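Below: one structure, written as structure tokens.
The values are calculated or read from the model by the stated rules, or taken from the named source; none is laboratory data. Values in this document were obtained by computation on a predicted structure and should not be read as measured data. Heads up, the Cβs are rebuilt from the backbone with ideal geometry, glycines too, and the neighbour counts pull from every protein chain shown. Note: areas computed on protein heavy atoms with side chains; ligands, DNA, RNA excluded. Shrake-Rupley method; radii C 1.70, N 1.55, O 1.52, S 1.80 Å.
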Amino acid sequence: MYSFTEENYLKTIFYLSIGREEWVSTNALADSTNTRAASVSDMLKRLAEKGLINYQKYRGVTLTEEGQRLALLVIRKHRLWEVFLAEKLQFGWDEVHVIAEELEHIRSERLIEKLDAFLGYPKFDPHGDPIPNAAGEMPRFMYRKLSEVVKGDTVIMTGVSEHSSAFLQHLDKAGLTLGCQLKVNEISDFDKSVSVMIDDLRTLFISHEVAKNLLVK
């Protein structure tokens, strides 16, 4: 049995380690959790004693196999609850993350498996993120950022890498939703903003800051 804080640290380490081969630094964890470095070090020592992380004082931290399994199970619960909140309770995709942060720590494995079955075994959450399976395995999918697409390409918006309410509300106002087709008409040489045709219906200018947080394929 692990505390909510311990589970949150494992999840944060997992997210910070994505796409990196090197160890996650204590300072990166402190910044991400808004916690003093000394407090982070104390928690890392505790997690290391429980065999959930590899920790070296001046090098940083990596997850052990068990630590990664537990992190992915927390992420699985979080994303399943997001699907439930969005599909069954009609919460907006800008609202579900904060609520799921609380629900992800529910202990009952039986409840989570029944929830998965009730939802029809979804593969993705409302933000397009893949849902780990019951064994704590994350399916891998190949995405590009809209900011990496070249002029003339036509792509489908499949996810977002920024989950803040402000960002998702901005997308709602712009009419950018998962599954929409984006044809890249122009890319500004000045600020890298992108002009796209959405579903062959209308043109929209998207800033580089937004484009680098839109995942497409």
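Worth pointing out:
- Candidates ASP31, ASP94 - the one that is of a type outside the set (A, V, I, L, M), open to solvent by less than 40 Å² (accessible area, probe 1.4 Å) and closer than 24 Å to ALA166 by Cβ: ASP94
- Filter result for the condition that a residue is open to solvent by less than 50 Å² (accessible area, probe 1.4 Å) and either of a type in the set (A, V, I, L, M) or under 14 Å from the mean Cα position of the chain (by Cα) (or both), over PRO132, PRO122: PRO132
- Exclusive hit being of a type outside the set (Asp, Glu), in contact (Cβ under 8 Å) with a residue 40 or more places away in the chain and more than 28 Å from ARG144 (Cα to Cα), set GLY92, GLY67: GLY67
- Residue in the range 55-64 that is outside any loop (DSSP other than H, G, I, E, B), touching a helix residue (DSSP H, G or I) at 6+ places or on another chain (Cβ under 8 Å) and at positive phi present: yes
- Residue within the range 57-66 that is of a type in the set (A, V, I, L, M, F, W, C) and farther than 23 Å from PRO130 by Cα present: yes
- Residue among GLY120, GLY60 that alone is in contact with a Phe, Trp or Tyr (Cβ under 8 Å, 6 or more places away or on another chain) and without any contact (Cβ under 8 Å) to a residue 60 or more places away in the chain: GLY60
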